[in-house]
Amino acid sequence: MSGAVAIVTYMTALFRLPLILSGKLIWMFGLMGITSLSFAADEKKQVKEYSLGQESQRKEGVPRGTVITKTWKSKVFPNTIREYTVYVPAQYQHEGQDKAAVMVFQDGHAYLDEKGQVRATVVMDNLIAAGEMPVTIGIFVNPGWFADALEVAQKWKAPKGVKSNRSFEYDTLSADYAKFLETEILPEVAKSYRLTDDPDQRAICGMSSGGICAFTVAWQRPDLFRKVLSQIGSFTNIRGGHVYPSLIRKTEKKPLRVFLQDGSNDVDNQHGNWPLANQQMAAALKFAGYDYKFVFGEGAHNGNHGGAIFPDSLRWLWRAE
């Protein structure tokens, strides 16, 4: 049996049966063999490793965009400081009629690493050059840390003695993070670059808690963002995110396009089961008639599978029809 180990146990047990003969009750005793069958999970799961394709590699002749990293102190999330990085494709023009499309990434550091699991700027360079997505400015935002200054570059964990505001910002089902983008980050980036105001040309992306954050922003403010890419999204009960499937089913359809990715070896803990939660999200989106795609693989709670299909995710998300 795949995925489990069968354990067969044989036991003997004393039995007593009543028997009536000639109007008298007589008890019969004996031994009976009992066979029981139970199952134990495999001690170690086999997690599939996915490989990156050509679009995730640097190609000769493809122009490179530029990246600029800055720090930001937020008013929406008081007393926090964070890094954000702006990616500007080589094809961007400061003048002309067409403004640049926008794509925001939560946990920006995880997407920027050119030797990492996603390599977002490499993929965007290649797809923009091939005409498979619009000229898009990427805004890679890290979660806030409670500090006066950043002593080290931001990664997944804050340094000792520094508290991260990541879960509050990402897992909370409110419009606060959308307000943070609308009133702080987008206006600041727009001081230097011509960004579109068209919500159909704005996408938002994240993994894990960043994934549910991306969906929450678009769900709360479809007037700001209408394209969502969630990788291993935490649609579980960290801060109430498990309610989304029922909300999707019971709420009037919103003008969103949603790409979900998850794997059968994702997390199962006290907050919920990630594979089941993402399957429930996909089922709800299907029921409500959304423009959605769900890719369910065999990966774990990391960026490996989502990174491998990141080019196709962007192609689907930015397709014309």
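The values are calculated or read from the model by the stated rules, or taken from the named source; none is laboratory data. Because the structure is predicted, anything quoted here is derived from the model rather than measured. Reconstructed Cβ throughout: ideal geometry from the backbone, glycine too, with neighbour counts over all protein chains shown. All accessible areas refer to the heavy atoms of the entire protein, side chains included, with ligands and DNA or RNA removed. Shrake-Rupley method; radii C 1.70, N 1.55, O 1.52, S 1.80 Å.
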For 273-286, 175-188, 225-238, ranked highest to lowest by mean beta-carbon neighbours within 10 Å, the order is 225-238, 273-286, 175-188
Once amide hydrogens are built 1.01 Å from N within the peptide plane, the residues lying 5 or more places from Asn273 or on another chain with amide H under 5 Å from its amide H are none
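Report the full-extension gain for the segment Val152 to Ala283: residue separation times 0.36 nm, less the Cα-Cα distance, to one decimal in nm. Walk me through the numbers on the way to the answer.
Numbers: separation 131, 0.36 × 131 = 47.16 nm, distance 4.17 nm.
Length difference between fully extended and current span is 43.0 nm.
Rounded, prolate or oblate for segment 211-302? Axes are the square roots of the Cα gyration tensor eigenvalues, ordered a ≥ b ≥ c, and the cut-off for rounded is a/c under 1.5. Show your work: numbers first, answer last.
Numbers: a/c = 1.69, a/b = 1.52, b/c = 1.11.
Since a/c reaches 1.5 and a/b is larger than b/c, the shape of segment 211-302 is classed as prolate.
When the helix-only estimate is applied to the chain (DSSP H runs of n ≥ 4, each -39,500 (n - 2.57), divided by the residue count), what is the mean residue ellipticity at 222 nm, nearest 500 deg cm²/dmol? Don't jump to the answer; show the numbers that get you there.
Values: 10 runs with 77 residues, N = 321.
Estimated from H runs of four or more residues: -6500 deg cm²/dmol.
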With x for Gly and Pro, the residue-by-residue ³J(HN,Hα) of segment 219-234, computed from phi through the Karplus equation 6.51 cos²θ - 1.76 cosθ + 1.60 at θ = phi - 60° and given in whole Hz, is 5, 6, 9, x, 6, 9, 9, 10, 10, 10, 10, 10, 10, 6, x, 8
Relative to the compact-globule estimate 2.2 N^0.38 Å (N residues), the Cα gyration radius of segment 211-257 stands at a ratio of 1.09
Rounded to the nearest Å, the spacing of the alpha-carbon centers of segment 72-140 and segment 244-270 is 24 Å
Comparing Glu49, Glu83, Glu95 in a Gaussian network model of the chain (Cα, 10 Å), the one with the largest mean-square fluctuation is Glu95
Residues meeting the amide H criterion for Ala147 (H placed from the backbone, H to H distance under 5 Å, 5 or more places apart or on another chain) are Ile81
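Using a 1.4 angstrom probe, figure out how much accessible area segment 214-315 has per residue, in square angstrom, rounded to the nearest whole.
Working: 3890 Å² over 102 residues.
On a per-residue basis, 38 Å².
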Looks like segment 269-321, by Cα gyration tensor root eigenvalues a ≥ b ≥ c and the a/c under 1.5 rounded cutoff (else prolate when a/b is bigger than b/c, oblate otherwise), is oblate
Taking protein heavy atoms only, a 1.4 Å probe, and rounding to whole percent, the accessible area of the chain owed to carbon and sulfur comes out at 52 percent
In whole Hz, the Karplus estimates of ³J(HN,Hα) for segment 156-165 (6.51, -1.76, 1.60; θ = phi - 60°; x where Gly or Pro) are 5, 10, 6, x, 4, x, 10, 8, 8, 9
Heavy-atom accessible area of Asp171, protein chains in place, probe 1.4 angstrom, given in Å² to nearest 10, is 10 Å²
Expected sort for 129-140, 239-250 on mean C-beta neighbours within 10 Å, highest first, is 129-140, 239-250
The helix 274-287 Cα axis meets the longest alpha-carbon principal axis of the chain at an angle in degrees, between 0 and 90 and rounded to 10, of 70 degrees
Links exceeding 32 Å between C-alpha atoms in this model, out of Lys163/Lys253; Lys115/Lys253; Lys59/Lys227; Lys59/Lys99; Lys163/Lys286; Lys99/Lys253, come to Lys163/Lys253; Lys115/Lys253; Lys163/Lys286
